[in-house]
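Following: one structure in structure tokens, then a few remarks.
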Amino acid sequence: MEIKAVKFRKEGFYTQPFVMGGEEGADKFDKNIRYRGSLQNYIIDTGDEVILVDTGLPAGTPEEAPDENSVAYTGKDICSYMEALKNLGYSPEQVTKILLTHKHADHSGELKSFPNAKIYVNEDEIEAAELKDIENIVPVKFTDGSYHNFPESQKIAEGVYFIKAKGHTLGNSIVIAENEGLFYMLHGDITYVDEALYENKLSLVFEDISAARETLDRVREFVKNNPTVYCGTHTPQGYENLEGKKVMDLNDPVPTILAEVDFSTQESSGKYVCSICGYVYDPAEHDGVAFEDLPDDWKCPRCKQGKDKFNKA
């Protein structure tokens with residue numbers, strides 16, 4: 001088995017209030033602390049089949065232009081998701097299965113690009129707008145019982161397990177791949193950065209906070225009891241852990257490397273991008289109403305986050 005990161009954005013950031021303020025409130029944390037951000041998903045090559053864990057942003061999603069008030073920034077394009085996959089030596093036709101951690105577009109953006117793949121999705125997520133008109137979806141009912149301390153799981157292939165982990169979204173899931181004595185936990189947004197796992201903090205983004213807390217507690221318990229390589233989507237720590245086979249030790253946090261941020265002025269297109277789910281607000285599609293003129297209580301139509309989670313495009 002080989003596990004690889006599909007890297008498509010770099011040099012982003014997530015502020016401390018964003019990644020840790022879910023329960024105590026953003027005002028309890030320092031907005032000037034910005035952790036490193038990136039975007040990558042993962043591929044599991046079992047030798048018999050090619051399994052993707054999520055499928056990146058849709059091609060053509062504009063880059064964001066963050067400023068000093070931005071709470072999150074997904075980073076600069078390295079290339080598109082599909083180009084990143086090709087650079088690893090894989091074609092869309094080779095992919096047999098896709099395991100979707102959750103609906104947001106930075107995880108589901110290219111689902112339609114894989115004609116031969118069965119797309120495994122928590123059955124609680126299949127009505128999401130992001131999954132509309134997508135064929136080959138297999139609703140997962142988690143009928144294989146418990147997996148270690150997680151009560152609901154589905155075995156996908158030898159050594160590959162799909163785990164119910166609701167909270168971030170109501171249909172959120174994680175993937176665990178067992179290989180050579182290690183447990184690779186491939187997750188969407190259980191945490192945005194590893195510092196939040198060490199500190200036992202929830203981010204500001206959840207659909208069910210009590211479920212998110214329960215899931216984080218289970219993840220931390222699993223990590224304590226099993227040699228786990230923790231592979232996130234939104235931080236370079238995810239692929240650094242993978243490539244170094246670094247086992248997470250909650251009692252020995254790795255030193256934090258903060259983001260180097262350049263807020264150079266960039267020309268704005270008038271569009272805004274949600275840094276949580278990738279939704280693009282284009283005034284041309286909303287009767288010419290500028291983003292700045294939307295009411296203060298306006299919410300992203302996809303992930304229901306507020307205007308403060310959007311950056312200029």
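The values are calculated or read from the model by the stated rules, or taken from the named source; none is laboratory data. Here the structure is a predicted model, which means the values were calculated and not measured. All Cβ positions, even for glycine, are placed from backbone atoms using ideal geometry, and neighbour counts span all protein chains on display.
Listing for the model above:
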| item | result |
| --- | --- |
| Test: residue in region 172-186 that is outside the structural domain of Gln305 (by TED's automatic domain parsing) and modelled with pLDDT under 95 | no |
| Single condition Asp293 does not satisfy, out of (1) within 18 Å of the chain's Cα centre (by Cα); (2) of a type outside the set (Phe, Trp, Tyr); (3) under 20 Å from Ser70 (Cβ atoms) | (1) |
| The one condition in (1) closer than 25 Å to Ile176 by Cβ; (2) among the charged types (D, E, K, R); (3) touching a Lys or Arg at 6+ places or on another chain (Cβ under 6 Å) that Lys245 fails to fulfil | (3) |
| Spans of strands (runs of 3 or more DSSP E) in region 149-216 with at least 1 residues touching a residue at least 40 places away in the same chain (Cβ under 8 Å) and under 24 Å from Gly22 (Cβ atoms) | 160-164, 173-179, 182-187 |
| Sole residue being exposed (fewer than 14 other Cβ atoms within 10 Å of the Cβ), among the aromatic types (Phe, Trp, Tyr) and touching a residue at least 40 places away in the same chain (Cβ under 8 Å), chosen from Phe222, Phe263 | Phe263 |
| So Pro227, is it over 20 Å from the mean Cα position of the chain (by Cα), more than 25 Å from Lys103 (Cβ to Cβ) and either aliphatic (A, V, I, L, M) or not assigned by TED's automatic domain parsing to the domain that holds Lys76 (or both) | no |
| Qualifying position, being among the acidic types (Asp, Glu) and either over 20 Å from Tyr192 (Cα atoms) or in a strand (DSSP E or B) (or both), among Asp27, Asp48 | Asp48 |
| Residue tally, condition in a loop (DSSP other than H, G, I, E, B), under 24 Å from His107 (Cα atoms) and in contact with a Pro (Cβ under 7 Å, 6 or more places away or on another chain), over region 274-297 | 1 |
| Exclusive hit being among the polar types (S, T, N, Q), in contact (Cβ under 8 Å) with a residue 60 or more places away in the chain and closer than 29 Å to Lys201 by Cβ, set Thr74, Thr46, Thr15, Thr55 | Thr74 |
| Val121 vs. criteria in contact with a helix residue (DSSP H, G or I) (Cβ under 9 Å, 6 or more places away or on another chain), assigned by TED's automatic domain parsing to the domain that holds His187 and either within 30 Å of Gln16 (Cβ to Cβ) or part of a strand (DSSP E or B) (or both) | yes |
| Filter result (over 27 Å from Val261 (Cα atoms) and either among the polar types (S, T, N, Q) or modelled with pLDDT under 95 (or both)) within region 56-111 | Asn87, Ser91, Gln94, Thr96, Thr101, Ser108 |
| Condition met for Lys103 (of a type in the set (Lys, Arg) and assigned to a helix (DSSP H, G or I)) | no |
| Leu57 being of a type outside the set (Gly, Ala, Ser), under 18 Å from the mean Cα position of the chain (by Cα) and assigned to a strand (DSSP E or B) | no |
| Residue, farthest from Lys271 (Cα to Cα), within region 78-90, restricted to residues that are surrounded by fewer than 17 Cβ atoms within 10 Å (Cβ to Cβ) and out of contact with any helix residue (DSSP H, G or I) (no Cβ under 8 Å at 6 or more places or on another chain) | Gly89 |
| Answer from Ile137, Ile156, Ile174 - the residue that is crowded, with 22+ Cβ neighbours inside 10 Å, over 17 Å from the mean Cα position of the chain (by Cα) and of a type in the set (Val, Ile, Thr) | Ile156 |
| Residue list for region 12-44, restricted to those being crowded, with 17+ Cβ neighbours inside 10 Å and among the charged types (D, E, K, R) | Arg34, Arg36 |
| Odd one out for Lys132 among (1) crowded, with 24+ Cβ neighbours inside 10 Å; (2) modelled with pLDDT under 95 | (1) |
